[in-house]
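Here's the structure, in structure tokens; my notes come after.
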Amino acid sequence: MKLKIISGNANIELAKQITQHLGISLSEAKVGRFSDGEVQVKIVDNIRGADCYVIQPTSTPVNENLMELLIIADALKRASARKIIAVIPYYGYARQDRKSEPRVPISARLVANLLATAGITRVLTMDLHAGQIQGFFDIPVDHLYGIPVILKYFKEKKLNDIVIVSPDTGGVERARAFAKHFNAELAIVDKRRPCPNEAAVMNIIGGVKDKTCIILDDMIDTAGTLTKVADAIKEKGAARIFAAASHGVLSGQAKQRIQKSLIEEVVITDSIPLSNDGPTEKIVVLGIASILAEAIKRISNNESISALFI
């Protein structure tokens, strides 16, 4: 069985690290633009009959990276690839997973349909914003978690009197699983979101006074919610404040907000490459290439990947 790793432009460094863990070379593919901005793809390597894994988080710019993924998949399909597996560490449009009000789309489902139509036969992703997005696909989805690498990092710090803080009720299950590994208490933030990318913290459920608080979420976008949660738990007497999330979207003024905040460290993974613009002194980036490489190896060998789950 031939195994090929192809990368779009979204996170080439992560693709290279994955191939190093697998002990193979990154397959040559030219992914560029025509003069009018259209995506241009040419697969240089012969991939006939191969199992092709396309490493492409659909992060900022979301639409461009999504189109790259779709067009790469079409090129592979037309080049007679045996299987096309999309490795999407960060799944864009995941927050649009339901009709939260009348006359709005369910974009996460639309993207799932587009991926299958393009010829993708399987999806490998990490920390979906909502686990039920797996049900939007009519093809197999392997859902990994970035929590193990984040957990290892905090265990090595040997922190005391830890409380895990869920910034909303939707993240309670994630926070509870994380808290079990520290035998720690759980706190929940009740918040109201008046409009997209804005949050007003209303109430803290649980004790944080004189505790080391770790705010745990699946992603950090503008960091508006994160910094308001930090302010709220500090007002309740938190001694130290850390934050962690699998996906560091960090759009807009996120880095500036983090730098000015009461948070000591913000821990993220390299599912999305960290840009150089803005301050990054408080941001710690952990690698997930080994997890993705192991999952790819197990999928290729028709082995279970449940051992990789927390």
Inset, instruction - Would you mind giving the three semi-axes, in whole Å and largest first, of the ellipsoid equivalent to region 156-310 according to its Cα gyration tensor? - result: 27, 20, 15
Legend entry - Amide H partners (placed H, <5 Å) of Ile283, local residues excluded: Val266
Legend entry - Amide hydrogen neighbours beyond the local backbone of Arg122, cut-off 5 Å, H modeled: Ile84, Ala86
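Give me the tail of P(r) for region 1-74 as a percent: Cα-Cα pairs with distance above 21 Å. Kindly include the intermediate steps, with their values, before the conclusion.
Values: 630 of 2701 pairs.
Counting every Cα pair in region 1-74, those more than 21 Å apart make up 23 percent.
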Legend entry - Dmax and Rg, reported as Rg then Dmax, of region 263-309 (C-alpha, Å): 14.9, 43
Inset, instruction - Just need log10 I(q)/I(0) for region 45-151 at q = 0.14 Å⁻¹, Debye formula, equal scatterers on the alpha-carbon atoms, no solvent, rounded to two decimals. - result: -0.55
Inset, instruction - Would you mind calculating the relative contact order of the chain from Cα pairs under 8 angstrom and at least 6 residues apart, reporting the percent as a whole number? - result: 14
Legend entry - Prolate/oblate/rounded label for region 207-246 (Cα gyration tensor, a/c 1.5): oblate
Legend entry - Note, ³J(HN,Hα) from phi for region 207-220, Karplus 6.51, -1.76, 1.60, rounded to Hz, x at Gly and Pro: x, 10, 4, 6, 10, 8, 9, 10, 7, 10, 9, 7, 8, 10
Legend entry - Nearest 10 degrees, 0 to 90: helix 62-78 Cα axis against the chain principal axis: 30
Legend entry - Cα gyration tensor shape of region 58-97, rounded if a/c is under 1.5, else prolate or oblate by comparing a/b with b/c: prolate
Legend entry - Using alpha carbons only: equivalent-ellipsoid semi-axes of the chain, gyration tensor based, whole Å: 35, 21, 18
Legend entry - Overall Cα dimensions of region 68-129, principal axis frame, Å, largest first: 43, 24, 16
Legend entry - Amide H partners (placed H, <5 Å) of Asp168, local residues excluded: Val189
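Please list 57-63, 163-169 highest first by mean number of surrounding beta-carbon atoms within 10 Å per residue.
163-169, 57-63
Bear in mind these aren't lab numbers, they're just calculated from the coordinates by the rules spelled out. In this text, all values refer to a predicted model and were calculated from it rather than measured experimentally. As a convention, Cβ positions derive from the backbone with ideal geometry for all residues, glycine included, and neighbour counts pool all protein chains shown.
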